[in-house]
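The values are calculated or read from the model by the stated rules, or taken from the named source; none is laboratory data. This one's a predicted model, so the numbers in the text were calculated from it and none came from an experiment. A quick note on method: Cβ atoms are made from the backbone with ideal geometry, for glycine too, and the neighbour counts reach across all protein chains shown. Protein only, heavy atoms only, side chains kept; ligands, DNA and RNA dropped before computing areas. Shrake-Rupley method; radii C 1.70, N 1.55, O 1.52, S 1.80 Å.
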Amino acid sequence: MSIDRRSVLAAALAGVFTLPLPRRALAAAEVERVDALIARMTVEEKAGQMTCLTDSFRPYNPPNPQVGIQNERQLADEVRKGRVGCLFNGIGVAGARRAQQIAVKDSRLGIPLLFAGDVIHGLRTIFPVPIAEAATFDPALAERTARAMASEATAAGLHLTFAPMVDVARDQRWGRVVEGAGEDVYLGSLLAAARVRGFQGRDLRRDDSLLACPKHFAAYGAVAAGLEYGSVDISEETLRETHLPPFGSAFAAGALTTMAAFSEINGVPATADRDLLTDLLRGEMKFRGFVFSDYTADEELIAHGFAEDERDAARLAVLAGVDMSMQSGLYIRHIPDLVKSGAVPMETVDVAVRRILYVKTAIGLFDNPWRSLNEDMEKARVGAPALQALSREAAARSIVLLRNEGLLPLDPAKGQKIALIGPFGEDRANLYGPWAFYAEKGKGVDVAAGLRAAMPDPAQLIVAKGSEILGPIDGGIAQAVEAAQAADIVILALGESQDMSGEAQSRTVIEIPPPQQALAQAVTAIGKPVIVLLRHGRALALHDGVANAQAILATWFLGSQTGHAIADILFGRENPSGKLPVSFPWESGQEPFFYDRKSTGRPVVDSNIEYKARYTTTDNSARFPFGHGLSYSEFVLDNLKLSDTALRWDRAIEITTRLTNKGKRKGSEVVQLYIRDRVASRTRPIRELKRIERVTLGPGESKTVRFSLSRTDLQFVGSGNRIIAEPGAFDLWVGQSSTDGLHAQFTLYAAEAVAR
Ligand code: GLC
């Protein structure tokens, strides 16, 4: 199934969505009810609806000791007074029912609370981290896992998740690469929409529909030097072309909330950026839901040097278009006074409250405040065994086979002795990855357990840690070398801990930590066949000792079923099909690195020619490029054909190619279509992904893969932020990564031109 970029990019860029306006999604009577309610609300009650605090009724993620309310009694008082409208990051039906009882029965107006939480890649059942799942290049799978997460999260008493994170990540030093879909805008847009559909389902009023909150608006993934919370300095064109489309496709898929980013764009913090949150988000992109601030981000306007004090920060945020203040309490403390003093018009507050109440209405909270607060559902759906199978499937599909010099798959019948070496061999503390704080610690299946379960004789597995994650172990290397010498096959389980990935985990060096590298070098020097299993939340710059192993697999953080999924791949029960959603550079110093980069005036053609766009120590290419991933099958593309090499302005051309599985195993390949606009009024990338198609074939089978391209697929943001396509010559590749493929050329002709 090839996904038409048209519905993704054109809508996103042109801002012409047919968004389900909450108003349109609501019955007239419901709209009137909201308006009548607002008319009765005091300004404090309005500020209360615009306030979201950590949930002390069911504290799961300990509230930040510096801010917010720390105990249930105090918070209950705030709820009773109508001074809070949303609670976040608690789970459990019982606590939610206590809170909702106070809101609905004890407060003056009985407005139900909205319960939110960070369900990023699972609640109790943990799925692969989003960057891992992006490696499946399979939006349908992403939709299924999001649906499964929604089933658990709503059963645990949540109405909304602060997900999907849709920031396009341009620098692998940034820790939050792990939370998104990688470096490409097209793949990111497809997965953003799929995850929103999965979370929300088809009916927002259903008990198992989980509101999505695509975040962080906007361009957080472009922080300078990958420095967390850092500044973003990009052109309007790059903002619109690279960073907005995933939000556009998420909104087009029905998302009714979003979250402003911590970072600033061109000197204006997103949380106070009216051009961004009102003129662009609502004016151009027609977003109709409501905007959360990120955690205390409104208060942080002071530290940004953008607000004088708390009151000024609250004023700037609400005037910019932040409807719901998260955790700081600034709105409940300052909006009543700001309105009384005239610094903030009551109309501005009413607009924010209306947006929030529309969304609460749209999910049926007024008709049924006990929605998603059912203890029987909680028992039935949270941790349901069926979800483990989906987690295992998604995990296996997320694994990317980077290199395989004839070593994999292993044949369990051979009964080979395997030495499992490295800090992630027998380790259950780093299976889930970041943002899994609702999961039961230490419950996942680690690599050793997965291998033992798959081996006819588990005693054939020798485990030797060899080194800690960040430090050596006295005698560890010697012990590991000894284990390797006694084995037929060595498996090295190396990489980052989950604490080295995620928010506030920017790294200047994206390499295997030195003690692990030393371990790898010592073990590989023995000369036994070595398989490297990478544990990571970002691309890594690999070096010899690891990079020259006979087999290397990117296994990310795979969640609850890590060990079984890895064993499924290593022993060939599953045929690897993952593709890299992020480029693996040769050196950390190449970051920010991404495949869709510009040619420059001196592109490297031959590494020996000087005065070209390269570093003195390395070409500016990728060791393992975006879109790369091997299989145990051998997939071959041929017969590339275009219906026409002249693309008329308002027509389309069909592109076909034949994919054949020349291997002995059934497998899946992701066929990728890239273009290059050779000459344009703004320089264009050397490649841009426009289509993907995942194809599964048995041994010897072939399939004709069909794509179509039209002018809207060739659009870009030109001067003045106009979305344009320009006549001229284009390259096209249909391949299996961003650096290979069958090549063709076509020409886009202007409407009046007649193709010769
Ligand atoms: C965090 C993150 C955001 C998350 C929020 C609530 O700081 O930036 O992604 O959803 O706070 O936990």
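Classify the chain: rounded, prolate or oblate, from the alpha-carbon gyration tensor (a ≥ b ≥ c, eigenvalue square roots; a/c under 1.5 rounded; otherwise prolate if a/b is larger than b/c)? It would help to have the intermediate numbers written out before the result.
On the way: a/c = 1.80, a/b = 1.29, b/c = 1.40.
Oblate.
Solvent exposure of Asp457, expressed as accessible area, is near 70 Å², computed with a probe of 1.4 Å over the protein chains only.
Antiparallel DSSP bridges in the chain: what percent, to the nearest 5?
On the way: 52 of 93 bridges.
Counting only bridges with both partners in the chain, antiparallel ones make up about 55 percent.
Multiply the residue separation of Ala389 and Asp731 by 0.36 nm, subtract the distance between their alpha-carbon atoms, and state the gained length in nm to one decimal.
Length gained, Ala389 through Asp731: 118.9 nm.
Counting charges near Leu109 (Lys, Arg +1; Asp, Glu -1) among other residues having Cβ under 10 Å from its Cβ returns a value of +1.
Remark on Ser325: its backbone amide H falls under 5 Å from those of Thr51, Cys52, Ser293, a criterion applied only to residues 5 or more positions apart or on other chains, H modelled at 1.01 Å from N. In the chain, helical runs assigned H by DSSP with n ≥ 4 each contribute -39500 (n - 2.57); averaged across all residues and rounded to the nearest 500, the mean residue ellipticity at 222 nm is -7500 deg cm²/dmol. Per residue, the accessible area of the chain comes to 35 Å² when a 1.4 Å probe rolls over the protein heavy atoms.
What FRET efficiency do you get for Arg706 and Asn608 if R0 is 35 Å and r is their Cβ-Cβ distance, rounded to the nearest 0.05? Present the calculation step by step, with values, prior to reporting the outcome.
On the way: r = 41 Å, r/R0 = 1.18.
The pair Arg706/Asn608 has a calculated efficiency of 0.25.
With a Förster radius of 56 Å applied to the beta-carbon distance between Asp619 and Ala94, the computed FRET efficiency rounds to 0.45.
Under a Cβ-Cβ cut-off of 14 Å, what is the net charge of the residues other than Lys417 that fall near it, where Lys and Arg count +1 and Asp and Glu count -1?
Details: positive: Lys414, Arg452, Lys528; negative: Asp411, Asp457, Glu482, Asp488.
That sum, taken over residues with Cβ under 14 Å, equals -1.
Quick one: angle between helix 185-200 and the longest Cα principal axis of the chain, in degrees between 0 and 90, rounded to 10, please. On a 0 to 90 degree scale, this one is about 50. Between Val351 and Asn639, the FRET efficiency estimated from the beta carbon spacing at R0 = 60 angstrom works out to 0.60. Evaluating 6.51 cos²θ - 1.76 cosθ + 1.60 at θ = phi - 60° for every residue in the range 623-632, the Karplus couplings come out as 5, 10, x, 3, x, 7, x, 9, 9, 7 Hz, glycine and proline recorded as x. Each part gets one Cα centre, and for the range 234-266 versus the range 115-153 those centres are 21 Å apart.
Helix 346-362 and the longest principal axis of the Cα set of the chain meet at an angle near 60°.
Summarise the accessible area of the chain (1.4 Å probe, protein heavy atoms) by the percent that is carbon and sulfur. The C+S portion of the solvent-accessible surface of the chain is 50 percent.
How would Arg678, Arg311, Arg694 rank on accessible area, largest to smallest, probe 1.4 Å?
Working: Arg678 115, Arg311 80, Arg694 55 Å².
Solvent-accessible surface, decreasing: Arg678, Arg311, Arg694.
Here's how it looks for Ile421: its modeled amide H is under 5 Å from those of Ala464, Ile491, Leu492, Ala493, which are all 5 or more places away or on a different chain. Among Glu44, Glu30, the sequence by solvent-accessible area, most first, with a 1.4 Å probe is Glu44, Glu30. Taking other residues whose beta carbon is less than 10 angstrom from the beta carbon of Phe635, and scoring Lys, Arg as +1 and Asp, Glu as -1, yields -1.
With a 1.4 Å probe and all protein chains kept in place, how do Ser607, Ser107 rank by accessible area, largest first? Write down the numbers at each step before the final one.
Numbers: Ser607 55, Ser107 20 Å².
Highest to lowest solvent-accessible surface, that is Ser607, Ser107.
Close amide-amide hydrogen proximity is noted between Val604 and Ala613, each under 5 Å apart and 5 or more residues distant or on a separate chain (H modeled in the peptide plane; Pro and chain starts excluded).
Calculate the dipole size of the chain relative to its Cα centre from +1 charges on Lys and Arg beta carbons and -1 charges on Asp and Glu beta carbons; express the result in debye to the nearest 20. Intermediate values should be presented prior to the final figure.
Details: 86 positive and 90 negative charges, 390 e Å.
Dipole magnitude for the chain comes out near 1880 debye.
Computed extension length for Ala751-Asp203: 193.1 nm, one decimal, from 0.36 nm per residue of separation with the Cα-Cα distance subtracted.
Taking the C-alpha atoms only, the angle from helix 385-398 to the longest principal axis of the chain is near 50 degrees.
Within the range 96-137, list the trypsin sites (Lys or Arg not before Pro) lying in a DSSP loop whose Cβ has at most 15 other Cβ atoms in a 10 Å radius. Walk me through the intermediate numbers first.
Numbers: sites: Arg97, Arg98, Lys105, Arg108, Arg124; in loops: Arg108, Arg124.
The qualifying sites are Arg108.
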